[in-house]
Amino acid sequence: MPDDGLGEVQFLEKLVASGRAPTLAGIVAACDLSHPDVDEHLKQLVVASTKLRGIRFMLDYEGPYDGKNATHISCSRHNTDYLRDTSGAAEKFEHGYGLLAKYQLSFDLQCCPAQLDAAAALAARHPNVPLVIDHLGKLRRLSLDGSALDAAKLEEWRHGLRKMAALPHVYVKISMLGYIVPNWHQDAKKEAYVKDLVREVIALFGTKRCMFDSNWHQNGAAADSGPSMQELFDKYQSLVADFDEESQHDLFSGTAAAFYRV
């Protein structure tokens, strides 16, 4: 999560102007929607680039970051659950979230499954703010051992996604599958399990509201690292190989193009 969302957008615009980023079609910027000057910050971002399409602000929080829970390390900066807080922080965040409609911006939602219910309630109150759930809702590290812990994780995740899927302006990105099942791309059993989960989400939202996303890096982490970009997308394609041409087009480009207006 960049410290300076405006500076990042300005940097990207310089890359475009210099010809070093000719294919850059849209920008999703960082912005603290809870900030008291959020309206001015959003205005500055919109002025900085005609390519601005949305805002992303990481929200996954399950208590103070300790490296073991589902709280993202970037959230240790604010140490706040902006979706479920009852002391005023959630209201401040929602004020900024509501302003996205004013600037015709979407929101990229990164939260943990325990927050999906609250996120669905927020999204329902703001139907004019298109929302995309990042990383398949961040279901976290299943052991595939038939344990009660796995069952509880799945039920919480499914409950939240059902609430989200009921809202027509909510979409979902299929990515970071290695966070759900580490090394899924290296084991046939794990890959089959991931395939079932991906297809379950596609059945819930439909291909018009689902999109594959690389989230690609190669650092040995449990997420979608390890395979090359080509290998990763070959794996993605294998998950939906029996889908018709239109559905595959939706998943690999059409839905993203429609959501981000590119």
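Among the residues of this structure, V198 does not count as one that is within 21 Å of L59 (Cα to Cα) and in contact with a strand residue (DSSP E or B) (Cβ under 9 Å, 6 or more places away or on another chain).
Taking segment 71-91 as the range and being crowded, with 20+ Cβ neighbours inside 10 Å and either of a type in the set (A, V, I, L, M, F, W, C) or modelled with pLDDT of 95 or more (or both) as the test, the residues that pass are C75, D81, Y82, L83. Among the residues of segment 138-190, the one identified as part of a helix (DSSP H, G or I) and touching a His at 6+ places or on another chain (Cβ under 7 Å) is Y179. Taking the conditions exactly as written (basic (K, R) and assigned to a helix (DSSP H, G or I)), does K195 satisfy them or not? Yes: the conditions hold for K195.
Residues that are of a type in the set (G, A, S), out of contact with any strand residue (DSSP E or B) (no Cβ under 7 Å at 6 or more places or on another chain) and free of Cβ contacts under 8 Å to residues at least 60 places away in the same chain within segment 1-51 comprise G7, A17, S18, G19, A21, A48, listed in sequence order. Looking across R199, R209, R261, one residue alone is modelled with pLDDT of 95 or more and on the phi > 0 side of the Ramachandran plot. It is R261.
Annotation note: of Y236, Y171, Y179, the sole residue that is in contact with a Lys or Arg (Cβ under 6 Å, 6 or more places away or on another chain) and under 18 Å from D134 (Cβ atoms) is Y171. Residues in segment 201-210 that are without any contact (Cβ under 8 Å) to a residue 24 or more places away in the chain and not in a loop (DSSP other than H, G, I, E, B): A203 alone.
The values are calculated or read from the model by the stated rules, or taken from the named source; none is laboratory data. These numbers come from a predicted model, not from an experiment. Note that we place each Cβ from the backbone using ideal geometry, even for glycine, and neighbour counts take in every protein chain shown.
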